[in-house]
1. By how many degrees, between 0 and 90 and to the nearest 10, does the Cα long axis of helix 184-213 differ from the longest principal axis of the chain?
2. From the residues 178, 63, 9, which one has its Cα farthest along the dipole of the chain in the positive direction, the dipole being from +1 and -1 charges on Cβ of Lys/Arg and Asp/Glu about the Cα centre?
3. So which lysines pass the test for residue 40, namely a Cα distance under 26 Å, with those fewer than 8 places away in the same chain ruled out?
4. Identify which of the listed values of semi-axes √(5λ) of the Cα gyration tensor in Å was calculated from the structure shown: (i) 38, 18, 11; (ii) 30, 19, 15; (iii) 42, 20, 14.
5. Specify the residue with the greatest mean-square fluctuation among 177, 141, 131, computed from a Gaussian network of the chain linking alpha-carbon atoms under 10 Å apart.
6. Tilt of helix 123-132 relative to the longest C-alpha principal axis of the chain, in degrees (0 to 90, nearest 10)?
Amino acid sequence: MWMDELKNLSDRDRESFSRLVNLLLARTFLVRERVDLRDKSLVIDRDFRFLERYHSLLCGYLAVAGWDLNLDVHLGVAALSNRFGSNRYRLNKFETYFLLVLRLIYAETSEKLTLRRDVTCSVRDLLEKMSLLNLLEKKLSDKSLGEGLSTLREFNLIDRLEGEWTDPETQLVIYPSVLLAVNEAQIRQLYEKSRQWSVAQEEVLIADEDAAETPAD
């Protein structure tokens, strides 16, 4: 029984347990490998190892409050979800676009990887992809860019190797947690939105051309 297991934890592990529960509630996702800013590489996350060790205990404890803790060992991702659909953070428009496009970049890039497991892209790559998908109606402000990417980092969806969020050359690490945050249906919706925009633009161009060819009285 998880309650007995909790009682038998050492003081140190009980403190780590409490901290990890609060971390999961705040960040939703936890990843096995995170960026170490000192040597710009991925390292094993201690919190994730603790979660793996006490997964059944955490599941039982969180289930009492209506939370489900899913652990994908293959991806190295733990995800927390509320079965009542409450306690959700609502992403704004640009945060949503960032997440969808990063998910797309992750899928496209990971197919080409062999030995390397970390998926990276630059801020420039992200913005160019958004522009290609017709998700940028005008130049994005530094505030929207910086705050949006920072928010995704808070949820353990991305990180940066160095530089500022607003620097086009800044390299982003995309964590596999994006695969659980965005499903295939949402990606298809993104493509459909892009396609509809392109068709609408084409119709406008055709209409303009027709108007230009109409002879004057």
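No lab work stands behind these numbers, since they all come straight from the coordinates. Everything numeric here is computed off the predicted structure, so don't read it as measured data. Note: ideal-geometry Cβ built from the backbone for every residue, glycine included; neighbour counts use all protein chains shown.
1. 10 degrees
2. Of 178, 63, 9, it is 9.
3. Of all the lysines, those that pass the test against residue 40 - Cα under 26 Å, at least 8 places apart if same chain - are 112, 129, 143.
4. (iii)
5. 141
6. Taking the Cα atoms of the chain, the angle to 123-132 is about 50 degrees.
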